[in-house]
Amino acid sequence: MPIAEPASASASTALDLTWVRSQFPALAQTINGYPAVFLDGPGGTQVPQRVIDAIADYLTRNNANTGGAYQTSRNTDLMIAGARLAMGDFLNCDADEIVFGANMTSLTYALSRAIGRELEPGDEIVLTLLDHDANFSPWKTLEEKGVVIRAAKFKEDDCTLDMQDLAAKVGSRTRLVAVGYASNAVGTIQNVAEVGRLARQAGALSYVDAVHYAPHGPIDVRALDCDFLVCSTYKFFGPHMGVLYGKREHLKTLRPYKVRPNTDNIPNRWEWGTLNHECIAGIKACVDYWEELGRRARPAVTTRRAAILAAHDAIHQHERKMLEKMIAGLLAIPGLKLYGIKDPRCFQERCATFAVRIDGHTPLELATKLGERGFFTWDGNYYALNLTEQLDVERLGGFLRIGLVHYNTMEEVEGLLATLSEIVG
Ligand SMILES: Cc1ncc(COP(=O)(O)O)c(C=O)c1O
């Protein structure tokens, strides 16, 4: 699904990049005398000062377990309720449909076990070969129960999902279709609304991994009508945690594995043990950041949700300009192969995440040399294992991944291109 264009271009203003960068203390660092350039957003983003402050403040003044008959425990309950409401606005759902967890992988294993309890041998689950392994292995494990896994292919030339193949694999035995919103390796954005429609038509559930998409495009679980959607706050400027949206009816009727004293109320029946309260305080502050960004971009917005959407409009315009410059620059480097969408007519189907290989250089060597000069990139498969295996780069060290988010600048893009050319030149 393409990233939505702004509702009205005239109603939105450009991203205030000076303000944005002033919010993130980590961006001011230097490495070996070079300014640190964070192109590792797909692995995890930096956080604004208010997230750091909220975590410290919680630990300083309100550190307590939940449900106690005293002030700091009550404050903790209130704080968590506020964070749930905020994430509800981020994803466009109600607070009781928001489940907090350690990370996306743990939440997905929890759901795959609970859903697996209801499945019979011969039931089918459709996955994709484009996905991060966290949206693959937790489902594949259900083969132990006789569940049949069917994996939809991707097109090797542009790393887009083969929708025809996926549609052909969804049938009367399909019980769930799991799909990534955007690829953390090559940046392709999938038409998850259409995947959800195909699942619904077959009477199957849909499970969307929005981890990579969340910093780049607006998420609306109501409009998608997906059954579940997962994301990780540390990929969109929050602390290291995962968040699951589940349709209320499923959170109520599915049976989680849980300890007896834990409540049967939703969403808490899906949250086991004591959560990372300080990080939940950080999640609320992270959504506050999104809100302020949106209100600065479009002062007329009235609700938090509208502000979040306005932030996405501003971010999208900025990321798009950097994306165009980056792709043109990368393709001009001799011996460089860029994986994924290269055709400008299809740029709305990708985000600013680039997987490249350069003749005669391993991704590790490139990432190391770039790192010494302050450019933080990644090398390897980043757990998109089916993809690197099928493209036959797994045995060659995978890709070099360069990931842009909204706090990156055109100057950083130019600097990366110049430094990479120098290294391979
Ligand atoms: C697309 C995608 N899905 C899932 C994950 C796993 O997320 P987590 O680290 O929260 O388990 C990642 C992490 O890189 C990812 O990029």
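Taking N as the number of residues in the stretch 270-367, what value does Rg over Cα atoms divided by 2.2 N^0.38 Å take?
Against the empirical 2.2 N^0.38 Å value, I get 1.54 for the stretch 270-367.
Mind jotting down a quarter of the surface of the convex hull over the alpha carbons of the stretch 25-92, in square nanometres, one decimal?
In nm², the orientation-averaged hull projection of the stretch 25-92 is 6.6.
Where nothing but the Cβ of Lys and Arg (+1) and of Asp and Glu (-1) is charged, how large is the charge dipole of the stretch 29-173 around its Cα centre, in debye to the nearest 20?
Here the stretch 29-173 has a charge dipole of around 400 debye.
Once the Cα gyration tensor of the stretch 340-425 is diagonalised, what are the square roots of 5 times its eigenvalues, in whole Å and ordered largest first, as equivalent ellipsoid semi-axes?
Here the semi-axes work out to 20, 19, 12 Å.
Could you work out the Rg to Rh ratio of the stretch 53-200, with Rh taken as the Kirkwood radius (inverse of the mean 1/r over all Cα pairs)?
1.09
Using the 10 angstrom Cβ neighbour count as an exposure proxy, how do 396, 254 rank, fewest first?
Starting with the residue having the fewest Cβ neighbours, the order is 396, 254.
Going toward the positive end of the dipole of the stretch 256-401, with +1 on Lys and Arg Cβ and -1 on Asp and Glu Cβ, which of 391, 311, 338 do you reach last?
The Cα lying farthest towards the positive end belongs to 311.
Of the residues 168, 151, 300, which exhibits the maximal mean-square fluctuation in a Gaussian network model of the chain defined by a 10 Å Cα contact cut-off?
168
If a helix is a whole DSSP H run, which ones in the chain reach 20 Å or further along their own axis (Cα) and hold a mean Kyte-Doolittle hydropathy of at least 0.0?
Taking the DSSP H segments of the chain (at least 20 Å long, mean hydropathy at least 0.0), we get 71-91, 410-424.
With a bin width of 5 angstrom, please list the P(r) values of the stretch 20-63 as percents of all Cα-Cα pairs, from the 0 bin to the one holding the largest distance.
6, 19, 21, 21, 16, 10, 6, 1
Please arrange 407, 383 by how many other C-beta atoms lie within 10 Å of their C-beta, fewest to most.
383, 407
If you average 1/r over all unlike Cα pairs in the stretch 281-337 and invert the result, what Kirkwood radius do you get in angstrom?
Every distinct Cα pair counted, the radius reaches 13.0 Å.
Roughly how many debye, to the nearest 20, is the charge dipole of the chain about its Cα centre, given +1 on each Lys and Arg Cβ, -1 on each Asp and Glu Cβ, and no other charges?
840
Could you identify which residue out of 215, 256, 344 has the top mean-square fluctuation in a GNM of the chain using Cα springs shorter than 10 Å?
Of 215, 256, 344, the Gaussian network model singles out 344 as fluctuating most.
Where the only charges are on Cβ atoms (+1 Lys, Arg; -1 Asp, Glu), what is the dipole of the stretch 326-425 about its Cα centre, to the nearest 20 debye?
Here the stretch 326-425 has a charge dipole of around 160 debye.
Would you mind computing Rg(Cα) / (2.2 N^0.38 Å) for the chain, counting N as its residues?
My calculation over the Cα atoms of the chain gives 0.97.
Between the alpha-carbon centers of the stretch 97-141 and the stretch 358-414, tell me the distance in whole angstrom.
28
If you build a Gaussian network model of the chain, linking Cα atoms that sit under 10 Å apart, which residue out of 64, 310, 367 swings the most?
64
For the stretch 223-332, what D do you get in µm² per second when you plug the Kirkwood radius from alpha-carbon pairs into Stokes-Einstein at 10 °C and 1.306 mPa s?
Reported coefficient: 94 µm²/s.
Of all DSSP beta bridges in the chain, what percent run antiparallel (nearest 5)?
55
Coordinate-derived values only; no laboratory data. Since we're looking at a predicted model, the values are computed, not measured. Note: ideal-geometry Cβ built from the backbone for every residue, glycine included; neighbour counts use all protein chains shown.
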